[in-house]
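Step one of this worksheet: look at the structure below.
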Amino acid sequence: MRNARSLTATAVALLLVLLSLVGPWLLPYDALQPDYANTYAPASAAHLLGTDALGRDVLTRTLAGGRTSLTVGLLATALAAVLGGTLGVLSQVGPRWLDAVLGRAFDALLAFPGFLLVLLVAVALGGGPLPLVVAMGVAGAPSMFRLARGLARSAARLAHVEAARALGARSLRVWVRHALPGMLAPLAVQAGSLFSTFLLVEATLSYLGVGIALPQPSWGNVLQDARGLLLRQPWAAVGPGAVLLAAAWSVQALADGWQERDDRPVFDRV
C-alpha cells in the first residue's frame, strides 16, 4: 500500500480486466458483425475510436480482444509455471539422472531464441488460441525451470528443512510444508514477468497473422486491422496500442513491486 507505482499498476490492471469482461456487453455493437454502411467512420460520440474497414466499432473490438489476449497470456503463463516449476522441483527431489536429463532438455530449449521458438511452434500447430498457449508455455518453461531448480536446491540445504527430514517427516511433507512456501514469491515474480512478455508476443504474432485468426478479436489483430488507417484514423491504432502497453506495463510493474517488497533473501524469512 505504500508503493504508489504498484497501486497505480493494480488499478490499471483491474480496470483493464473489468473493461475486457463487461465492456463489450455495455456497448451497443457486435465485435464480429460487419456494418458495411458505416465503414471508416471517424471518431465520434457514437464510435469513440471510429470503425474499421468492415464497419465494426474499434472500441468494442478492442475491449473484446482484451478477453482473448488476457486469457491466452494467463493460460500460457500458468502452463509455463506448472511445467517449468514442477519439473524444476522434481529435478532436485528425484535421482541425479533425472536432474541431468531435465537440465539438458531445457538447455536445448534455451538454445532457441524465445520468440522464434514460439513462432515455429505456433505455425506448426496451425495458429489459434490453443497453439499459442502451448507455444508460449513451452517457450517460457525453461526460465521457470531454472529458477525453481535453483530455489529447490537452496531450500534442500536449509536448517529447518534438514531438521524436519532428520525428525522423520516424509519427503512430500518436507517439501510442501517447509520448502515450497519460501519458493512461491520469486516464482510469482517470474510468472508476472512472463505474463507481461506473453501479452506482447501474442499481439505480435496476431499482428503478423500467425496468432489469433480473424474475425476473433485480439489486441494484435485489432492493430493489424488498423494498419491502413494510420493516416486517415490514427486513433484506431493508438487506442488498442495504448491498451496493450498499459496491460503489459501494469503486470510488469506489479511483478517489480513484489520483487522490491521482497528484496531480502527469500529464505531468511522462513
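The values are calculated or read from the model by the stated rules, or taken from the named source; none is laboratory data. Keep in mind that what you see is a predicted model, and the values were worked out from it rather than measured. Here the Cβ positions follow ideal geometry from the backbone for every residue, glycine too, while neighbour counts run over all protein chains shown.
Look through the stretch 63-104, keep the residues that are closer than 16 Å to Leu132 by Cα and among the β-branched types (Val, Ile, Thr), and return whichever of them is surrounded by the fewest Cβ atoms within 10 Å (Cβ to Cβ). Give the derivation first.
Restricting attention to the stretch 63-104, the residues satisfying the condition of being closer than 16 Å to Leu132 by Cα are 65-81, 83.
Now drop any that are not among the β-branched types (Val, Ile, Thr), which leaves 68, 71-72, 77.
Working: Thr68: 23, Thr71: 15, Val72: 27, Thr77: 26.
Looking at the filtered set, the residue picked out is Thr71.
Just to be sure before I move on: is Gly128 surrounded by fewer than 22 Cβ atoms within 10 Å (Cβ to Cβ), of a type in the set (Gly, Ala, Ser) and at pLDDT below 75 in the structure I sent?
No.
Just to be sure, is Ala242 touching a helix residue (DSSP H, G or I) at 6+ places or on another chain (Cβ under 7 Å), in a helix (DSSP H, G or I) and modelled with pLDDT of 85 or more?
It is false that Ala242 is touching a helix residue (DSSP H, G or I) at 6+ places or on another chain (Cβ under 7 Å), in a helix (DSSP H, G or I) and modelled with pLDDT of 85 or more.
Being modelled with pLDDT of 90 or more and out of contact with any His (no Cβ under 9 Å at 6 or more places or on another chain): is that true of Val133 here?
Answer is yes for this residue.
With respect to Ala37, determine if the residue is part of a loop (DSSP other than H, G, I, E, B) and either more than 25 Å from Arg146 (Cα to Cα) or at pLDDT 90 or above (or both).
Here the answer is no, as Ala37 does not meet what is asked.
Kindly establish whether Val58 is in contact with a Gly (Cβ under 6 Å, 6 or more places away or on another chain), under 21 Å from Gly220 (Cβ atoms) and at pLDDT 90 or above.
It is true that Val58 is in contact with a Gly (Cβ under 6 Å, 6 or more places away or on another chain), under 21 Å from Gly220 (Cβ atoms) and at pLDDT 90 or above.
For the stretch 206-237, which positions are buried (at least 21 other Cβ atoms within 10 Å of the Cβ) and closer than 13 Å to Arg61 by Cβ?
Within the stretch 206-237, Ser206, Ile212, Pro217, Ser218, Trp219, Gly220, Asn221, Val222, Leu223, Asp225, Ala226, Ala236 meet the criteria.
For the stretch 6-28, enumerate the residues that are aliphatic (A, V, I, L, M), part of a helix (DSSP H, G or I) and within 26 Å of Arg56 (Cβ to Cβ).
Start the filter on the stretch 6-28 by keeping residues that are aliphatic (A, V, I, L, M), which leaves 7, 9, 11-19, 21-22, 26-27.
If we keep only those that are part of a helix (DSSP H, G or I) too, we end up with 7, 9, 11-19, 21-22, 26.
Answer for the stretch 6-28, where residues must be aliphatic (A, V, I, L, M), part of a helix (DSSP H, G or I) and within 26 Å of Arg56 (Cβ to Cβ): Val12, Leu15, Leu16, Val17, Leu18, Leu19, Leu21, Val22, Leu26.
Checking the condition assigned to a helix (DSSP H, G or I) and under 30 Å from Pro217 (Cα atoms), which residue from Leu79, Leu98 passes? Write out each step before concluding.
Values: Leu98 fails: under 30 Å from Pro217 (Cα atoms).
Answer to the check: Leu79.
Condition test on Ser206, is it in contact with a Ser or Thr (Cβ under 7 Å, 6 or more places away or on another chain) and either of a type in the set (Ser, Thr, Tyr) or at positive phi (or both)?
Yes, satisfied.
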